[in-house]
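Structure first, then comments.
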Amino acid sequence: MNSYYRDYSDYLADTFGPGKIQKLTVNTRLGCPNRDGTIGRGGCIYCNNTAFSPEMGVGDDIVDQLEASRCFFGRKYSDMRYLAYFQSYTNTYGDMDRLMSMYRRALEVDDVIGLIIGTRPDCMPDELLKELAILNGGAKRVIIEYGAESSHDETLARINRCHTWAVTEDAVMRTSDVGIDVGLHFILGLPGETEPMILKTIERINTLPVSTVKFHQLQVVKGTRLARMYESGGLQGCGMMELTVEKYLDLCATIIGRLRKDIAIERFVSQSPADLLIYPRWGLKNYQFTHRLLGILASRR
Ligand code: SF4
């Protein structure tokens, strides 16, 4: 908790009541319609899914994955409660009965109090939302996290997202209309984006019924199209702004000053595995970044 912005732990406490809550990542291997040709081919230019798929929890059965992780965390805190986090790839992509059975099974695991489902905004049909709203109606909660990445259609085209900002806005409205909390994910420093463009995105977020946001710096990761662009033309070849940690801290502090105060910020940075990360290599842990950011916010008061 801090006095500068609503942080994610505040959101969790307000939503689920006091007590320790841990996210447990599950790997569904559902794939992505922007890779298999259904919506697009080749995926987003920065995407190497192994960079954000934690090793823990990898296995075939959802319940086995959750039980293994629960066992690990439960040893430390017996009163811990859990959220099953469907993080990698597009977790609403597939046969609806199969998806719903997967979500229901996750919610049946002891001490799992809710689901966080990460997906693309163009992969949320109304029928699925209706079913998710029913799951959300009982003692357990469902939260949907959409990868928005930018509010600028020219950026979305440049990074091969294969959806527009209007699609994100529509998904957010439809999800909020059925009573499900919405989180949005954004990448800062995308090719062609300037600080005023990023701040325009913050203005646009403020108009939407969003509960949480996540930001992270654009990372050039091995095995991606962005990495090939970087290797052949450097930052200029990617159309990227230079991302020094000082510049990025300053940007995050400005964002905090502009974002609606009821929207909780879950994080500002992400760390791809060191052996995959090409740029920027800050070598900072999340908590170290946040500590420096809070120092800047204090100095601006
Ligand atoms: S970032 Fe997400 S939407 Fe883009 S290609 Fe990767 S899995 Fe698909």
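In table form, for the structure just shown:
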| item | result |
| --- | --- |
| Residue within the stretch 109-124 that is outside any loop (DSSP other than H, G, I, E, B), exposed (fewer than 15 other Cβ atoms within 10 Å of the Cβ) and either at pLDDT below 95 or more than 22 Å from the chain's Cα centre (by Cα) (or both) present | no |
| Pair list, Cβ under 7 Å, 6 or more apart: the stretch 1-22 residue part of a helix (DSSP H, G or I), other residue of a type in the set (Ser, Thr, Tyr) | TYR8/THR212; TYR11/SER211; TYR11/THR212 |
| Number of positions in the stretch 228-259 that are among the aliphatic types (A, V, I, L, M), within 23 Å of THR212 (Cβ to Cβ) and in contact with a Leu (Cβ under 8 Å, 6 or more places away or on another chain) | 5 |
| Matching residues in the stretch 31-44 - criterion: being surrounded by 14 or more Cβ atoms within 10 Å (Cβ to Cβ), over 15 Å from the mean Cα position of the chain (by Cα) and either of a type in the set (Gly, Ala, Ser) or near the ligand (Cβ under 9 Å from one of its atoms) (or both) | GLY31, CYS32, PRO33, ASN34, ARG35, ILE39, GLY40, GLY43 |
| Pairs with Cβ under 6 Å, 6+ apart, first in the stretch 160-176 and free of Cβ contacts under 8 Å to residues at least 60 places away in the same chain and in a helix (DSSP H, G or I), second crowded, with 16+ Cβ neighbours inside 10 Å and among the β-branched types (Val, Ile, Thr) | VAL172/VAL182; THR175/ILE144; THR175/VAL182; SER176/VAL182 |
| Residue in the stretch 12-24 that is over 30 Å from THR254 (Cβ atoms), within 16 Å of the ligand (Cβ to nearest atom), at pLDDT 85 or above and not aromatic (Phe, Trp, Tyr) present | no |
| In the stretch 64-108, the residues that are in contact with an Asp or Glu (Cβ under 6 Å, 6 or more places away or on another chain) and not in a strand (DSSP E or B) | MET100 |
| Any hit, the stretch 190-206, residues being under 16 Å from ARG120 (Cα atoms) and at pLDDT 95 or above | no |
| The stretch 85-99 - residue that is in contact (Cβ under 8 Å) with a residue 12 or more places away in the chain, more than 14 Å from the chain's Cα centre (by Cα) and more than 12 Å from the ligand (Cβ to nearest atom) and, of those, surrounded by the most Cβ atoms within 10 Å (Cβ to Cβ) | LEU99 |
| Considering residues of the stretch 153-201 that are surrounded by fewer than 18 Cβ atoms within 10 Å (Cβ to Cβ) and among the polar types (S, T, N, Q) only, the residue farthest from CYS44 (Cα to Cα) | SER176 |
| The listed residue being more than 18 Å from the chain's Cα centre (by Cα) and in contact (Cβ under 8 Å) with a residue 40 or more places away in the chain, out of ALA133, ALA139 | ALA133 |
| The lone exception for THR28 - which of (1) assigned to a helix (DSSP H, G or I); (2) within 20 Å of the chain's Cα centre (by Cα); (3) among the polar types (S, T, N, Q) it fails | (1) |
| TYR248 vs. criteria among the aromatic types (Phe, Trp, Tyr), out of contact with any Lys or Arg (no Cβ under 9 Å at 6 or more places or on another chain) and surrounded by 21 or more Cβ atoms within 10 Å (Cβ to Cβ) | yes |
| Helices (runs of 4 or more DSSP H) completely within the stretch 194-258 that count 3 or more residues being closer than 23 Å to GLY118 by Cα | 195-206 |
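The values are calculated or read from the model by the stated rules, or taken from the named source; none is laboratory data. Please read these numbers as outputs of a predicted model, since none were measured by experiment. When we count neighbours, we look across all protein chains shown, and the Cβ atoms used for this are built from the backbone with ideal geometry, even at glycine.
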